[in-house]
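Worksheet: the structure to be examined is printed underneath.
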There are 2 protein chains.
Amino acid sequence: MTMDIVAYLETKKALIDQHLVQLLKRMEAPDRLKESMLYSVEAGGKRLRPILMLAVVEALESKTEYGLQPASALELVHTYSLIHDDLPAMDDDDLRRGLPTNHKKFGEATAILAGDGLLTFAFTCLSQAPYIDAKTKLWLIQELANAAGPSAMVGGQMDDLEAEGKALDLIALEKIHQKKTGRLLEFAVMGGATIAKADRSTKDTLQLFARHLGLAFQIQDDILDIEGDEAAIGKPVGSDIENKKNTYPAILGIEGTKEQLKAHFEKALDALKSTAIQHDVLEGIAHFIIERHY
Amino acid sequence: MTMDIVAYLETKKALIDQHLVQLLKRMEAPDRLKESMLYSVEAGGKRLRPILMLAVVEALESKTEYGLQPASALELVHTYSLIHDDLPAMDDDDLRRGLPTNHKKFGEATAILAGDGLLTFAFTCLSQAPYIDAKTKLWLIQELANAAGPSAMVGGQMDDLEAEGKALDLIALEKIHQKKTGRLLEFAVMGGATIAKADRSTKDTLQLFARHLGLAFQIQDDILDIEGDEAAIGKPVGSDIENKKNTYPAILGIEGTKEQLKAHFEKALDALKSTAIQHDVLEGIAHFIIERHY
């Protein structure tokens, strides 16, 4: 990974952080609710999904600012999903990114409402996104709702909870990941492509890139839960094993998992290189995703 | 109340029930999640919000079917809010419409996801609503997100939780109701008006009608919690007092509350009669709302 991509990620993260905080500070809401929503949004994270959207917009030679509000809406949805996933009735996690989870800090009722509020506010933000024409906005709303809804993210979380303690095979595990995290990452890429008005063939290739990248992302997550550094990932390692989660290492062993990671990474890069778009930044992001330590 | 309005409500309820079930049955989702979503949607209720939207569409001489999908999306959002409000961390209710609440039947994790799924799926349905042009769809999405979001419904639920055990005055109580239930009811009316392409002045008057009707609706709810029949309302009477909820009777006494109900009802009717639209059905619905026993 060159220093360039690290600088790129930092610059875009700052841009997104600033826009997110601006959106939330301007939002009308009871103090405690707003504080709780801001808490989880400001707890940060890598902002990989929104950065990916901006990077695709730029790779297709459109303007960064066109993607800023849709990218922020996507991050709001991602943040809501983390708050609800952490709840006692779900994964029951006390720590997220090194900080107390939302319900540990604000209590369960406020955490549920903060999640509901972020999800709903994301659609307010999308419907009011500047620069974007009505048809594209409707497409973004429909695809974000699909990617986050019962057939994808929410359904994947349901599958994941039901699979706890049951041994899945690789195909079933990939299906869950595709729904639970893959579709939102795919929305980042395809949303960027649609905002930048990419042609059909470029979109198809970018979708292939997104799918392999999404799986690579999830596999690296599973590896970090075993080999990661607690301080860097901000939560205890081994929590997947403790929660009887189905993971790649549980099915393939750690070496087999690393081979899968490499395979998906290479397929993602192959797809990228087969397009005529500027691929250096997107390639850098893919490298970052599989080499990250947090 | 004439028999006509009862027949009208039954006919429209059947139409909406059918459309809701069709939408959910066609939706792709894990079996348990879909079952849980369908359970709460089929548990029914009066469907007053979607019926109100259809009635406004018809009163403005537009076509019923134009309003059907938006009205169903509205009911999905209402249903999600009931599932989350009933959760142990929130109002902790065991019964809803005479049946076990969603979390009592399916467990908390599934209930949280069913609520998240219904909210998200509502935006899928709105974005795919037939007959509606892109500009109107975007308006509906924006307004539904606003009415259900942190500045309105979710914020009102937060206010309500924070006010438990504290004595509010009438102005503070009305503000909570306006946010928690009023805005969604207002969306029913204004959504219908926008679908039917009402002019500005008709919209303004209908908004006044919706605001007074919304308050009348909430006041009648408070009265039913004291004077209602458990079998008819489907949950124990007196639960507001037990939960230390702020209510109209707690502030105004039961007679003062009934005077407020009458005042808002009359203002709603005055607004309605000042428009040139066909107001008999809407008037009938208003009568039904304040005279209902459930």
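Any read-out appearing in this document is the output of simple, stated calculations on the displayed coordinates, not a laboratory observation. Just so you know, these numbers come straight off a predicted model, no measurement behind them. So basically every Cβ, Gly included, is an ideal-geometry build from the backbone, and we count neighbours across all protein chains shown.
At R0 = 56 Å, how high is the FRET efficiency between A:ARG200 and B:ILE171 if r is their beta carbon distance? Nearest 0.05 is fine.
Values: r = 57 Å, r/R0 = 1.01.
Between A:ARG200 and B:ILE171 the formula returns 0.50.
Among A:GLU61, A:GLU108, A:GLU162, which one shows the biggest mean-square fluctuation in a GNM of chain A, springs joining Cα atoms closer than 10 Å?
A:GLU162
Across peptide B:160-166, what mean number of C-beta atoms from other chains lies inside 10 Å of a residue's C-beta? List each step's numbers first, then the result.
On the way: counts 1, 7, 6, 0, 0, 0, 0.
Averaged over the peptide's residues, the number is 2.
Consider all pairwise Cα distances in the protein assembly as shown and report the whole-number % of them above 34 Å.
On the way: 70865 of 172578 pairs.
When all Cα pairs of the protein assembly as shown are counted, 41 percent exceed 34 Å.
For each of A:ARG97, B:ARG49, B:ARG183, count neighbouring Cβ atoms within 10 Å of the residue's Cβ, then give the residues from fewest to most.
Numbers: A:ARG97 15, B:ARG49 22, B:ARG183 25.
Fewest-to-most ranking of A:ARG97, B:ARG49, B:ARG183: A:ARG97, B:ARG49, B:ARG183.
Taking a label point 7 Å from Cα toward Cβ, how far is A:GLU266 from its twins in the other copies, in nm, shortest first?
With the label placed 7 Å along Cα→Cβ, A:GLU266 yields 8.2 nm.
Once the cut-off is 21 Å, how many percent of the Cα-Cα pairs in segment A:1-138 end up in the long-distance tail? Mind showing how you got there, number by number?
Working: 4078 of 9453 pairs.
Beyond 21 Å sits 43 percent of the P(r) for segment A:1-138.
With springs only between Cα atoms under 10 Å, which of A:ALA73, A:ALA167, A:ALA59 fluctuates most in a Gaussian network model of chain A?
Sorting by GNM fluctuation, first place goes to A:ALA167.
Normalised radius of gyration for chain A, please: alpha carbon Rg relative to 2.2 N^0.38 Å, two decimal places. Intermediate results must be reported in sequence, preceding the final value.
Numbers: Rg = 18.1 Å, N = 294, 2.2 N^0.38 = 19.1 Å.
Ratio of Rg to 2.2 N^0.38 Å for chain A: 0.95.
Just which residue of chain A brings its Cβ nearest the axis of rotation onto chain B, and by how many angstrom, rounded whole?
A:ALA134, 2
I want to verify a result. In a Gaussian network model of chain A, Cα cutoff 10 Å, which of these has the top mean-square fluctuation: A:VAL57, A:VAL154, A:VAL189?
In this elastic network of chain A, the residue with the biggest mean-square fluctuation among A:VAL57, A:VAL154, A:VAL189 is A:VAL154.
Would you calculate the convex hull of the Cα atoms in segment B:5-52 and tell me its volume per residue in Å³? Before the final figure, lay out the partial values.
Details: hull volume 2.9 nm³, N = 48.
In segment B:5-52, the Cα convex hull volume per residue is 61 Å³.
Just from the alpha-carbon atoms, what are the Rg and Dmax of segment A:210-294 in angstroms?
Using the Cα atoms of segment A:210-294, the pair Rg, Dmax is 13.9, 45 Å.
For B:ASP94 and B:ASP270 in one chain, what is 0.36 nm times their gap in residues minus the Cα-Cα distance, to one decimal in nm? Mind showing how you got there, number by number?
Numbers: separation 176, 0.36 × 176 = 63.36 nm, distance 3.95 nm.
Additional length available on full extension: 59.4 nm.
Hey, what did chain A get for relative contact order, percent, Cα under 8 Å, at least 6 apart?
Normalised by residue count, the contact order of chain A is 20 percent.
For segment A:48-62, just list the computed ³J(HN,Hα) in residue order, Karplus coefficients 6.51, -1.76 and 1.60, θ = phi - 60°, integers in Hz, with x standing in for Gly and Pro.
After applying 6.51 cos²θ - 1.76 cosθ + 1.60, I find 4, 4, x, 4, 4, 4, 4, 5, 5, 4, 6, 4, 9, 6, 9 Hz.
Output the Kirkwood hydrodynamic radius of segment A:83-130, Cα pairs only, in Å rounded to one decimal. Mind dumping the intermediate values first?
On the way: mean 1/r = 0.0874 Å⁻¹.
About 11.4 Å for segment A:83-130.
For label points placed 7 Å from Cα toward Cβ, what is the shortest-first list of nm distances from B:PRO236 to its copies?
Between copies, matching label points for B:PRO236 lie 3.8 nm apart.
Taking neighbour Cβ counts within 10 Å as the exposure measure, how do B:MET37, A:MET190 sort from fewest upward?
On the way: B:MET37 28, A:MET190 22.
Listed from fewest to most nearby Cβ atoms, that is A:MET190, B:MET37.
If you look for lysine pairs in segment B:1-157 that are eight or more places apart or on different chains, how many of them have Cα atoms under 19 Å apart?
Value for segment B:1-157: 10.
Using a label point 7 Å beyond Cα on the Cα-Cβ vector, give me the inter-copy distances for B:VAL21 in nanometres, one decimal, shortest first.
Output for B:VAL21: 5.2 nm, nearest copy listed first.
Roughly how crowded by other chains is peptide B:103-113, in terms of the mean Cβ count from those chains within 10 Å of each of its Cβ atoms? Please list the in-between numbers first.
On the way: counts 1, 0, 0, 0, 2, 5, 12, 4, 1, 10, 11.
Taking all residues of B:103-113 together, the mean is 4.
Read phi for every residue in segment A:99-111 and hand back ³J(HN,Hα) as whole Hz from Karplus 6.51 cos²θ - 1.76 cosθ + 1.60, θ = phi - 60°, with x for Gly and Pro.
Per-residue couplings from phi come out as 10, x, 5, 3, 6, 5, 7, 10, x, 5, 4, 5, 5 Hz.
How large is ³J(HN,Hα) for each residue in segment A:159-174, as worked out from phi by the Karplus curve 6.51 cos²θ - 1.76 cosθ + 1.60 (θ = phi - 60°), to whole Hz, x for Gly and Pro?
Each residue's phi maps through the Karplus curve to give 4, 4, 5, 5, 8, 4, x, 9, 8, 8, 8, 4, 5, 5, 5, 4 Hz.
For a bin width of 10 Å, list the pair-distance distribution of segment B:115-190 built from all Cα-Cα distances, rounded to whole %.
In whole percents, the pair-distance histogram is 18, 42, 26, 11, 3.
Between beta-carbons, use under 11 Å as the cut-off and find the net charge around A:PRO50, counting Lys and Arg +1, Asp and Glu -1.
Summing Lys and Arg as +1 and Asp and Glu as -1 gives +3.
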